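**Q** Okay, handing you the structure first.
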Amino acid sequence: MSVERTLMLIKPDAVKKGVEGKIIAHVQEKGFKLVALKKLKLTKEQAGQFYYVHRERPFYDELCEFMSSGPIVAMVWEGENAIERIREIMGATNPEEAEEGTLRKLYGTNIGENAVHGSDSKESAEFEIPFFFSRLEIVE
Ligand code: DAT
Ligand code: MG
């Protein structure tokens, strides 16, 4: 066990639904500490850079289109085993398969519009956190 930081995004579908506050409260209630937060809108090109690992996937273009379709909320959360535990709190990629009480079950629409993103490994967190936040924007 170690204290980790992970990047989370509230995707355009969840921002459109107006559930940003509920999602933030949900993660806070699980005991994590919010150390960075901003609302922004990605260009399609920026979305493509963020999801570069998926560039060969058939859904890549649709994913980049969706992720640049409206504002998102980017956050850094800190806590014990934050990377793995926040993935658990989010639930499965497809909201229909996500467990009851998970963020994707509660707020997701379909496999593409699934409300939230969370880093899936230490390596991805190390790429994704500085993608959105400078050192000065992360509160120690
Ligand atoms: P996750 O977001 O659970 O880490 P992933 O990394 O496999 O899932 O995929 C990234 C995002 O791409 C996912 O949140 C939604 C979209 N996506 C994945 N599989 C898809 C599919 N079969 N059809 C449409 N969009 C998909
Ligand atoms: Mg992923």
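The values are calculated or read from the model by the stated rules, or taken from the named source; none is laboratory data. All figures in this text were calculated on a predicted structure; none of them were measured in a lab. Backbone-built Cβ (ideal geometry, glycine too); neighbour counts: all protein chains shown. Surface accessibility is based on the protein's heavy atoms, side chains included, excluding ligands, DNA and RNA. Shrake-Rupley method; radii C 1.70, N 1.55, O 1.52, S 1.80 Å.
**Q** Restricting attention to the range 93-115, does a residue exist that is touching a strand residue (DSSP E or B) at 6+ places or on another chain (Cβ under 9 Å), within 13 Å of ligand 2 (Cβ to nearest atom) and without any contact (Cβ under 8 Å) to a residue 40 or more places away in the chain?
**A** yes
**Q** Let me ask another. Restricting to the range 56-74, and then to whatever is in contact with a strand residue (DSSP E or B) (Cβ under 6 Å, 6 or more places away or on another chain) and within 16 Å of ligand 2 (Cβ to nearest atom), can you tell me which residue is farthest from LYS122 (Cα to Cα)?
**A** Going through the qualifying residues, I end up with ILE72.
**Q** Can you pull out every residue in the range 22-55 that is open to solvent by 50 Å² or more (accessible area, probe 1.4 Å), out of contact with any strand residue (DSSP E or B) (no Cβ under 8 Å at 6 or more places or on another chain) and not charged (D, E, K, R)?
**A** Correct list: THR43, GLN46, GLN49, TYR52, VAL53.
**Q** Let me ask something else. Go through the range 95-121 and count every residue that is surrounded by 14 or more Cβ atoms within 10 Å (Cβ to Cβ) and within 12 Å of ligand 1 (Cβ to nearest atom).
**A** Selection size over the range 95-121: 17.
**Q** Are there any pairs with C-beta distances below 6 angstrom linking a residue in the range 5-32 that is touching a residue at least 12 places away in the same chain (Cβ under 8 Å) and more than 16 Å from ligand 2 (Cβ to nearest atom) to a residue that is in a loop (DSSP other than H, G, I, E, B) and of a type in the set (D, E, K, R), with the two at least 6 apart or on different chains, and if so which?
**A** Pairs found: ASP13/GLU113.
**Q** With respect to ASP120, is the statement that it is under 13 Å from the mean Cα position of the chain (by Cα) and without any contact (Cβ under 8 Å) to a residue 40 or more places away in the chain true?
**A** yes
**Q** Quick check on the range 76-94. Is at least one of its residues near ligand 1 (Cβ under 10 Å from one of its atoms) and farther than 21 Å from GLU123 by Cα?
**A** yes
**Q** Counting only residues that are under 12 Å from LEU7 (Cβ atoms) and modelled with pLDDT of 95 or more, give me the helices (runs of 4 or more DSSP H) lying completely in the range 29-140 with at least 1 of them.
**A** Because the criterion is at least 1 residues that are under 12 Å from LEU7 (Cβ atoms) and modelled with pLDDT of 95 or more, the helices (runs of 4 or more DSSP H) in the range 29-140 that meet it are 44-50, 82-90, 122-132.
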